[in-house]
Amino acid sequence: MCGIVGYLGSQPAHPILIGGLKRLEYRGYDSAGIAVLEDGQLCIEKKKGKVADLEALIGDNQYSSTIGIGHTRWATHGEPNDLNAHPHLSNNGSLAIIHNGIIENYGALKEDLNQKGYAFKSDTDTEVFISFIEYIKESEGLSLEDAVRIALTKVVGAYAIAILSSDEPDKLIVARKGSPLVIGLGKDEFFVASDASPIIEYTNEVIYLEDEEIAIMQNGEYRVINTSDDSQNPQIQTIDIELEAIEKGGYEHFMLKEIFEQPKSIADCMRGRLKASTGQLVLGGIREYKQALINAEKITFVACGTSWHAGLVAEYIFEDLCRIPVEVEYASEFRYRNPIIKEGDIIVAISQSGETADTLAAIELAKDRGAIVFGIVNTVGSSISRVTHEGAYLHAGPEIGVASTKAFTAQITVLTMIALRIAHLKGTITERRYNELLVELEGVPDKVQQALDFNDKVETIADLFQDAKNFLYLGRGYNFPVALEGALKLKEISYIHAEGYPAAEMKHGPIALIDENMPVVVIATRDSSYDKVVSNIQEVKARKGVVIAIVTEGDVLIPKMADFTIEVPSTHEALMPLISVIPLQLLSYHIAVMRGANVDQPRNLAKSVTVE
Ligand code: F6R
């Protein structure tokens with residue numbers, strides 16, 4: 001949450017900062033701002049709203065400064081307004097900061113600084129943070145670098161920061177703890193960002209700063225130290241993200257692009273890992289701790305949101321194929337309730353961004369208690385990928401739309417491959433079923449494409465329901481998590497209230513909601529609970545509910561009962577979530593567009609939830 005960018009080099013910083021903020025806008029879009037050092041003076045431009053509003057504010061005011069910092073905000077402390085927008089200046093105006101994270105002890109620091117005569121213009125923890133640095137610098141007569149370092153040992157919380165000083169106008173200082181920060185290394189120039197997306201058009205050589213590390217950049221050179229002032233030797237990594245992967249490529253929205261990318265992203269996820277013709281399933285990321293997975297008495301998945309739904313699908317798959325009991329935990333609950341974790345227990349953290357604060361905290365807790373932690377992560381180099389013992393990347397490419405789509409299907413694909421591999425090694429699956437599932441999984445990208453081919457029909461149905469006030473989503477077995485995911489997709493981007501339920505649970509309460517105004521989306525593909533779901537549809541129809549059914553192609557029974565049907569190709573029921581979710585993603589997308597909502601940047605949300 002919040003995106004930060006910085007530049008130091010010989011090019012004008014202003015356009016680089018604005019370009020970078022546009023790439024990072026998915027991380028927060030309550031306000032945006034930049035600070036540059038123009039003729040040694042700190043100049044700040046900041047505005048409530050989107051980066052486009054900031055651009056309008058700056059207008060023709062083209063700064064020539066070659067050093068600057070920029071921020072796009074997801075508000076934590078203080079409402080989204082111009083004053084609370086970053087960058088913030090220190091009390092005497094000599095320092096400017098941008099910050100992603102939360103300073104938890106800012107209240108005590110603020111009180112202390114107030115008593116010393118400091119005044120604050122905003123409600124933010126960040127303004128307190130930079131004035132605290134100024135106070136240490138001035139009162140102890142320290143260099144900026146030392147003042148930053150000492151301040152960082154006294155603040156509690158999470159931060160990725162970038163700081164400019166009018167006293168040292170050729171220096172850019174950045175630091176991180178708990179919030180991501182990448183430094184791109186150009187020729188005598190440096191690019192700083194919350195993730196690599198603003199950097200890749202300039203350089204593919206990057207350093208991922210570690211927690212409690214500080215980088216000081218000046219005169220084409222950089223040094224990294226830690227908060228104890230020990231020199232660090234960061235690893236320079238080469239990243240291989242293509243520019244087109246982070247652009248819309250002709251689609252109206254990133255979300256639509258990402259929905260339509262799924263045949264490719266699922267295939268990419270399997271590439272080099274699965275080859276059904278030879279029975280090959282290679283997963284380098286579970287090599288070292290493979291035996292621990294085979295012997296596991298229990299597996300606990302921890303995740304949030306859509307990734308948690310992928311974990312629920314994995315629960316069905318692992319229990320079915322591997323015969324290992326599975327628990328799926330909200331990371332935010334798991335970490336606060338003294339969970340029972342024994343030495344050697346298996347925890348699998350699932351995360352698109354690899355930066356979700358609650359998931360990271362759950363991992364730390366599990367590691368402290370001796371668990372073996374696997375990460376199922378999309379973003380290469382992200383915090384979760386670095387703190388877990390082993391794991392597998394999704395290889396789905398950058399996901400920029402705030403509503404997760406292709407990451408969900410890639411997570412299920414990776415988890416299915418792991419389950420198949422473990423089941424095969426354990427002998428809990430017959431050779432025949434193993435081979436059948438490999439063939440079926442390899443065929444999923446084509447079937448996802450067939451499901452996407454029904455886009456026009458989904459759009460027509462969306463048109464009829466765009467004004468609905470509520471939606472109910474029902475599914476059973478493997479399709480129950482899909483119902484949850486369909487409801488989440490709708491509510492987060494269209495702001496229509498929606499609930500997902502196991503179809504059979506409906507009669508224990510939600511059935512009371514059903515009348516002729518209640519659209520009920522039923523995922524009713526042909527599987528072991530098909531007959532039961534058919535009964536559930538009849539129960540809805542008997543109460544005049546309007547049924548939109550997702551059915552297997554060729555189904556002749558449900559189209560006679562449901563008001564609308566959308567077909568998807570048939571597959572093994574364990575793999576159906578990968579296909580049955582497609583029309584639900586499209587339905588939510590079209591409804592949101594028709595309601596005029598900002599699909600890629602829904603209100604109050606941000607892509608990477610780095611606060612707890
Ligand atoms: C929903 C969505 C969120 C994320 C959740 C976890 O569309 O995107 O619910 O799934 O914030 O994020 P990651 O997967 O990055 O840990």
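Things worth noting here:
- So His497, is it at pLDDT 95 or above, more than 18 Å from Tyr478 (Cα to Cα), in contact with a strand residue (DSSP E or B) (Cβ under 8 Å, 6 or more places away or on another chain) and not aromatic (Phe, Trp, Tyr): yes
- Among residues of segment 268-282 that are closer than 17 Å to Val448 by Cβ, those with a beta-carbon under 8 Å from a residue that is modelled with pLDDT of 95 or more and among the charged types (D, E, K, R) at least six positions away or on a different chain give the pairs Met270/Glu442; Leu274/Glu442; Ala276/Glu442.
- Residue check, Val609 within 16 Å of the ligand (Cβ to nearest atom), open to solvent by 20 Å² or more (accessible area, probe 1.4 Å) and not in a helix (DSSP H, G or I): yes
- Residue within segment 44-61 that is crowded, with 18+ Cβ neighbours inside 10 Å, under 15 Å from Ala13 (Cα atoms) and in contact (Cβ under 8 Å) with a residue 60 or more places away in the chain present: no
- Of all residues in segment 458-482, those that are on the phi > 0 side of the Ramachandran plot have Cβ atoms under 9 Å from Cβ atoms of residues that are of a type in the set (Asp, Glu) and open to solvent by 10 Å² or more (accessible area, probe 1.4 Å), 6 or more apart or on another chain, in Gly477/Asp527; Gly477/Glu573.
- Residue count for segment 389-425, restricted to those that are polar (S, T, N, Q) and within 13 Å of the ligand (Cβ to nearest atom): 4
- When the residues of segment 201-224 are filtered to those that are touching a strand residue (DSSP E or B) at 6+ places or on another chain (Cβ under 8 Å), part of a loop (DSSP other than H, G, I, E, B) and open to solvent by 10 Å² or more (accessible area, probe 1.4 Å), the one that is nearest to Pro15 (Cα to Cα) is Tyr202.
- From the options Thr359, Thr379, residue that is of a type outside the set (A, V, I, L, M, F, W, C), within 11 Å of the ligand (Cβ to nearest atom) and open to solvent by 20 Å² or more (accessible area, probe 1.4 Å): Thr379
- Meets criteria (open to solvent by less than 20 Å² (accessible area, probe 1.4 Å), of a type in the set (Gly, Ala, Ser) and touching a residue at least 12 places away in the same chain (Cβ under 8 Å)) for Ser494: yes
- If you go through segment 371-395 and keep only what is part of a loop (DSSP other than H, G, I, E, B), of a type in the set (A, V, I, L, M, F, W, C) and modelled with pLDDT of 95 or more, you end up with Ala371, Leu394.
- Qualifying residue in segment 329-343 (condition: assigned to a strand (DSSP E or B) and either within 15 Å of the ligand (Cβ to nearest atom) or not assigned by TED's automatic domain parsing to the domain that holds Arg421 (or both)): yes
- The single condition among (1) within 17 Å of Asn470 (Cα to Cα); (2) within 20 Å of the chain's Cα centre (by Cα); (3) open to solvent by 50 Å² or more (accessible area, probe 1.4 Å) that Leu584 does not meet is (3).
- In this structure, Leu312 qualifies as within 13 Å of the ligand (Cβ to nearest atom), part of a helix (DSSP H, G or I), outside the structural domain of Ala487 (by TED's automatic domain parsing) and at pLDDT 95 or above.
Results for (1) of a type in the set (Gly, Ala, Ser); (2) open to solvent by 40 Å² or more (accessible area, probe 1.4 Å); (3) more than 16 Å from the ligand (Cβ to nearest atom); (4) more than 17 Å from Gly375 (Cα to Cα), shown as yes or no for each residue.
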position	(1), (2), (3), (4)
Asp268	no, no, yes, yes
Gly272	yes, yes, yes, yes
Gln280	no, yes, yes, yes
Tyr289	no, yes, yes, no
Tyr316	no, yes, yes, yes
Leu321	no, no, yes, yes
Ile324	no, no, yes, yes
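- Among the residues of segment 509-523, those identified as more than 22 Å from Val458 (Cα to Cα) and in contact with a strand residue (DSSP E or B) (Cβ under 9 Å, 6 or more places away or on another chain) are Gly509, Pro510, Leu513, Ile514.
- Residue match in segment 494-506 (condition: in contact with a Pro (Cβ under 9 Å, 6 or more places away or on another chain), closer than 21 Å to Ala314 by Cβ, in a helix (DSSP H, G or I) and assigned by TED's automatic domain parsing to the domain that holds Gly545): no
- Residues in segment 156-191 that are open to solvent by less than 10 Å² (accessible area, probe 1.4 Å) and not in a strand (DSSP E or B): 3 in all.
- Number of positions in segment 519-569 that are closer than 21 Å to Phe471 by Cα, of a type in the set (Gly, Ala, Ser) and open to solvent by 60 Å² or more (accessible area, probe 1.4 Å): 1
The values are calculated or read from the model by the stated rules, or taken from the named source; none is laboratory data. Given the structure is predicted, the values throughout are model-derived calculations rather than measurements. Note that we place each Cβ from the backbone using ideal geometry, even for glycine, and neighbour counts take in every protein chain shown. These accessible areas exclude ligands, DNA and RNA; they are computed on the full protein's heavy atoms, side chains included. Shrake-Rupley method; radii C 1.70, N 1.55, O 1.52, S 1.80 Å.
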